[in-house]
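Trainee: First, the structure itself, so that you have it in front of you.
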Amino acid sequence: MQIARSHVLICGGTGCLSNNSMKLKDRLEEKLAELGIKDEIKIIMTGCFGLCAEGPIVVVYPEGSMYSRVSLKDIDTIAEEHLLKGRIVENLLITNRGEAYDEEGHQVENTDFFKRQKRVALRNCGRIDPENIDEYIAYDGYKALGKVLSEMTPQEVIDVVSASGLRGRGGAGFPTGKKWTFAAASKGDVKYVACNADEGDPGAFMDRSVLEGDPHSVLEAMAIAGYATGAHQGYIYVRAEYPTAVRRLNIAIKQAREYGLLGKNIFDSGFDFDIEIRLGAGAFVCGEETALMNSIEGKRGEPRPRPPFPAVKGIFGKPSMLNNVETYANICPIILNGAEWFASMGTEKSKGTKVFAVGGNINNTGLVEIEMGTPLREVIYDIGGGIPDGKKFKAAQTGGPSGGCIPASLIDTPMTYDDLSAIGSMMGSGGLIVMDEDNCMVDIAKFFLGFTVDESCGKCPPCRIGTKRMLEILEKITDGRGELEDIDKLEKLAKNIKASALCGLGQTAPNPILSTLRYFRDEYIAHVVDKKCPAGVCKKLIQIKINKDLCKSCGICAKTCPVACIRGEKKVPYEIDQTKCLKCGACLEKCPFKAIYKES
Amino acid sequence: MKSLAELAELRQKSLDKMNMRNTDTRERIVVGMATCGIAAGARPVMNTFVEEVNKRHLGDVSVGMTGCMGMCALEPMVDVYDADGTKTTYIHMTPEKAKRVVAEHIVNGQPVEEFTITAKDQNNA
Ligand SMILES: Cc1cc2nc3c(=O)[nH]c(=O)nc-3n(C[C@H](O)[C@H](O)[C@H](O)COP(=O)(O)O)c2cc1C
Ligand code: FES
């Protein structure tokens, strides 16, 4: 086979796959055959590029031209123009918003979105074919494992990880080197290492993207962790709702075994290590380390009391070490480039980079990896492209249902473990939900509480009963039945649950309430005292009305209304029957004269 | 796979196939691949460049293509951009000429004067 003169990378991340990127591949193959240049062009399906909102993403090398929102018709054009004739299709390029096309600006690395990022954990996502181990090896894959097994003692490996300052990326931010030290020190001839790929935080998809885009980086790091702590078996606990990630992990494990990079006597060092996948059913609590270990053993995913800690008594009662996917994804670069290199990024207590899954009311929904300590403002405006429709930024939620919000007044907060906890939010695993002026903060707290009530495993009363009571109070407030003392009751309950729940789920469940109360207490008070929802979200507190002066009696609203509660006739302004109105807002969007409005 | 040497060998082999995805290159070879270029035989020229660059492990050299350069009579045309941005334009290229350009210009840093567009102008003058 001939050497390709051009590589076409098509995003095979879940975001783009659901935008039909697989069909693009098939179509491109057909088209290239038709044009007679099939042998000259190589098509590669990659992992997520991070710009999921602009997907499907297609990148053509050697030019490095990044095309966005590529349709089947567009792929034909790219084949005919760019691949056949060498003419970059300018109008399909992802250019810096508002800026004219320039020679370099269209290259992946030069877009605003990528320029400000620092990619360590995501180093290979969107650059390699995750189903081909050779491509991983080309970018220094398995070199760290080779180095560790041939040149370093387990203690030296742990020393490097400790010196790097790496902290767990799964939420709690525990120093990884310390965790490895405890597991290594624990006595026992059978030990385990495990990878937490449960990713239960709603809106988060960093771990999925790493597994889909670069599965070998996790396998290699787990083998290194096994060597450092004295384990020969690894488990990856991944939710069954991530079929692409699971499929690529299975392919990766198979390829690594074929090359002898997993299995017996790796690199002729005498070290044996293998990995198995365990599928989770997608319960939030199974991301908690002790519940996860129960689930790996085939038991109910319920947390166990600690101590004993997993380092002493973990999976099947044996010493075990659990890290998050992204934590593992940082290990190989640390081994290869040294602890100082890693520690030179970030701040004193938060080293390295962090991946965030940015969602909500933001232009560039997607995945970004930034140096720790980058201010939130930069993430939202410079990388994220700001808030759509010129709306005002109101708050960002990090840490999902365990976390808290960062209000607009604190938008310059550096994103570090300590700065975020100081303001009542948290680093969390990397979900970052952006909210604009149209979001009601009481409603947001209610959303997360609803989630924790559903996901509480029920084992301990503070969590099972307490979260339910808090949710009831929130419902009372958003329904307009709240009293001032409810707010005090909420605060008291929140503090008690935090102090008494068995596991992290219950202990952190009150956080969204406490942090919204801290920064948006006036919104709670508006709901309780004035019976108003300032953002116009809580349905029981708003009315949808028609402005008589603007109404042209066109009747579109009446046709749109799903419950037929709008009536009127020609020349007479229409009216909404408030007793039947569902407040769905469908008419409001459809009215061509903007005569319909919400009133709180 | 049993040794670091074996891994390094496989790494080099795979990397050679992927160098194209590196956009910080020392030198860029750009082949005119519009209808005029293709009709005049640009495709085998392009493929020769790709093969030669690969054979010699010139990882930091990219081979790209561009549209019509506006002088269709001189096709196949090829521009070589050196690291400092200097551009050399070669005309009436063939696979054999491409091999010489790689060996003399890219590897040894000596543009092949006789194939360049300036050589033609001087001949006509
Ligand atoms: C309710 C709950 C859910 C959690 N979910 C996850 C998760 O989905 N993924 C994850 O890596 N860690 C999750 N954690 C944190 C884990 O318990 C554990 O701290 C982490 O996986 C350790 O890895 P790290 O040190 O590399 O961060 C969760 C914790 C709690 C209390
Ligand atoms: S899935 Fe394609 S860019 Fe994220």
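Trainee: Using Cβ contacts closer than 10 Å as the measure, can you line up A:331, A:465, A:477, A:566 from fewest to most?
Mentor: So the residues, fewest neighbours to most, are A:465, A:566, A:477, A:331.
Trainee: Over the stretch A:353-436, what is the percentage of antiparallel beta bridges among all DSSP beta bridges, to the nearest 5?
Mentor: For the stretch A:353-436, the DSSP antiparallel bridge percentage is about 80.
Trainee: List the trypsin sites (Lys or Arg not before Pro) in the stretch B:49-125 that DSSP assigns to loop (not H, G, I, E or B) and whose Cβ has at most 12 other Cβ atoms within 10 Å. Which are they? Don't skip to the end; give the middle numbers.
Mentor: Values: sites: B:55, B:56, B:87, B:97, B:99, B:100, B:120; in loops: B:56.
Of the trypsin sites (Lys or Arg not before Pro), not one in the loops of the stretch B:49-125 has a Cβ with at most 12 other Cβ atoms within 10 Å.
Trainee: Expressed as a fraction of 2.2 N^0.38 Å, the rule-of-thumb size for a compact globular protein of N residues, what is the C-alpha radius of gyration of the stretch A:529-600?
Mentor: Details: Rg = 12.0 Å, N = 72, 2.2 N^0.38 = 11.2 Å.
After normalising by residue count via 2.2 N^0.38 Å, the value is 1.07.
Trainee: If you take each beta carbon of peptide A:255-266 and count the beta carbons of other chains within 10 angstrom, what is the mean?
Mentor: So the per-residue partner count for this stretch is 1.
Trainee: Quick check for me: using +1 on Lys/Arg Cβ and -1 on Asp/Glu Cβ, what's the dipole size of chain A about its Cα centre, in debye to the nearest 20?
Mentor: So the dipole magnitude of chain A works out to roughly 2200 debye.
Trainee: Ok, one more. Could you compute the FRET efficiency for residue B:26 and residue A:178, with r as their C-beta to C-beta distance and R0 at 35 Å, rounded to 0.05?
Mentor: So, using R0 = 35 Å, E works out to roughly 0.20.
Trainee: So how do A:254-262, B:67-75 stack up, highest first, on mean other-Cβ count within 10 Å?
Mentor: Result, highest mean first: A:254-262, B:67-75.
Trainee: Per the helix-only calculation at 222 nm, which mean residue ellipticity applies to the protein assembly as shown, given -39500 (n - 2.57) for every DSSP H run of n ≥ 4 and division by its residues, nearest 500 deg cm²/dmol?
Mentor: -10500 deg cm²/dmol
Trainee: Same structure, new question: DSSP loop (so not H, G, I, E, B), at most 14 other Cβ within 10 Å: list which GluC sites (Glu not before Pro) in the stretch B:45-125 pass both filters. Intermediate results must be reported in sequence, preceding the final value.
Mentor: Numbers: sites: B:51, B:52, B:96, B:104, B:113, B:114; in loops: none.
Listed in order of number, the matching sites amount to none.
Trainee: Still on this model: Over all residues in A:60-69, what is the mean tally of Cβ atoms on other chains that come within 10 Å of each residue's Cβ?
Mentor: 4
Trainee: Report the net charge of residues surrounding residue A:566, where surrounding means a beta-carbon distance below 10 angstrom and charges are Lys +1, Arg +1, Asp -1, Glu -1.
Mentor: Summing Lys/Arg as +1 and Asp/Glu as -1 gives +1.
Trainee: Using the count of nearby Cβ atoms within 10 Å as a rough guide to exposure, how do A:16, A:581 rank from fewest to most?
Mentor: Values: A:16 26, A:581 18.
Ranking A:16, A:581 by Cβ neighbours within 10 Å, fewest first, gives A:581, A:16.
Trainee: If you add up the charges near residue B:79, with Lys and Arg at +1 and Asp and Glu at -1, over every other residue whose beta carbon is less than 10 angstrom from its beta carbon, what do you get?
Mentor: +2
Trainee: Roughly what % antiparallel, to the nearest 5, for the DSSP beta bridges in the stretch B:27-91?
Mentor: Counting DSSP beta bridges with both partners in the stretch B:27-91, the antiparallel share is about 55 percent.
Trainee: May I ask for the net charge around residue A:291, where only other residues with Cβ less than 14 Å from the Cβ of residue A:291 are counted and Lys, Arg are +1 while Asp, Glu are -1? Kindly include the intermediate steps, with their values, before the conclusion.
Mentor: Details: positive: A:239, A:278, A:299, A:300, A:304, A:306, A:459; negative: A:198, A:288, A:289, A:297, A:302, A:455.
Taking every other residue near residue A:291 into account, the sum is +1.
Trainee: If you don't mind, there's one more thing I want to ask. Using alpha-carbon pairs under 8 Å, 6+ residues apart, how would you state the relative contact order of chain A in percent? Numbers along the way, then the final one.
Mentor: Numbers: 1256 pairs, mean separation 67.0, N = 600.
Contact order relative to length: 11 percent.
Trainee: Projecting each Cα onto the charge dipole of the stretch A:441-530 (Lys/Arg +1, Asp/Glu -1 at the beta carbon, about the Cα centre), which of A:509, A:448, A:471 comes out farthest on the positive side?
Mentor: A:509
Trainee: Sticking with this structure for a sec: If a/c stays under 1.5 just call it rounded; otherwise compare a/b with b/c (prolate if a/b is bigger, oblate if not). Do that for the stretch A:6-110, with a ≥ b ≥ c from the square roots of the Cα gyration tensor eigenvalues. Walk me through the numbers before you get to the answer.
Mentor: Working: a/c = 1.74, a/b = 1.15, b/c = 1.51.
Oblate shape, in that a/c is at least 1.5 and b/c is the bigger or equal ratio.
Trainee: What is the Å³ per residue value for the convex hull set by the Cα atoms of the stretch A:353-436?
Mentor: Numbers: hull volume 6.0 nm³, N = 84.
Output value, Cα hull per residue: 72 Å³.
Trainee: How much of the DSSP beta bridge set in the protein assembly as shown is antiparallel, as a percent to the nearest 5? Show your work: numbers first, answer last.
Mentor: Details: 45 of 79 bridges.
Expressed as a percentage, antiparallel bridges in the protein assembly as shown total about 55.
Trainee: If I take all pairs of Cα atoms in the protein assembly as shown, what percentage of them are more than 45 Å from each other?
Mentor: Summing the P(r) tail past 45 Å for the protein assembly as shown gives 33 percent.
Trainee: How would A:597, A:67 line up from fewest to most surrounding beta-carbon atoms within 10 angstrom?
Mentor: A:597, A:67
Trainee: While we're on this one: Can you give the mean number of other chain Cβ atoms that lie within 10 Å of the Cβ atoms in peptide A:132-143?
Mentor: 5
Trainee: Answer rounded, prolate or oblate for chain B, using the Cα gyration tensor with square roots of eigenvalues a ≥ b ≥ c: rounded when a/c is under 1.5, else prolate when a/b is larger than b/c, else oblate.
Mentor: prolate
Trainee: On to the next question. Which one, A:362, A:423, A:374, projects farthest toward the positive side of the charge dipole computed for the stretch A:353-436 from Cβ point charges (K/R +1, D/E -1)?
Mentor: About the Cα centre, the residue reaching furthest to the positive side is A:362.
Taken together, the values in this text are just the output of simple stated rules run on the coordinates, not laboratory data. In this text, all values refer to a predicted model and were calculated from it rather than measured experimentally. Cβ atoms come from the backbone with ideal geometry, glycine included; neighbour counts cover every protein chain shown.
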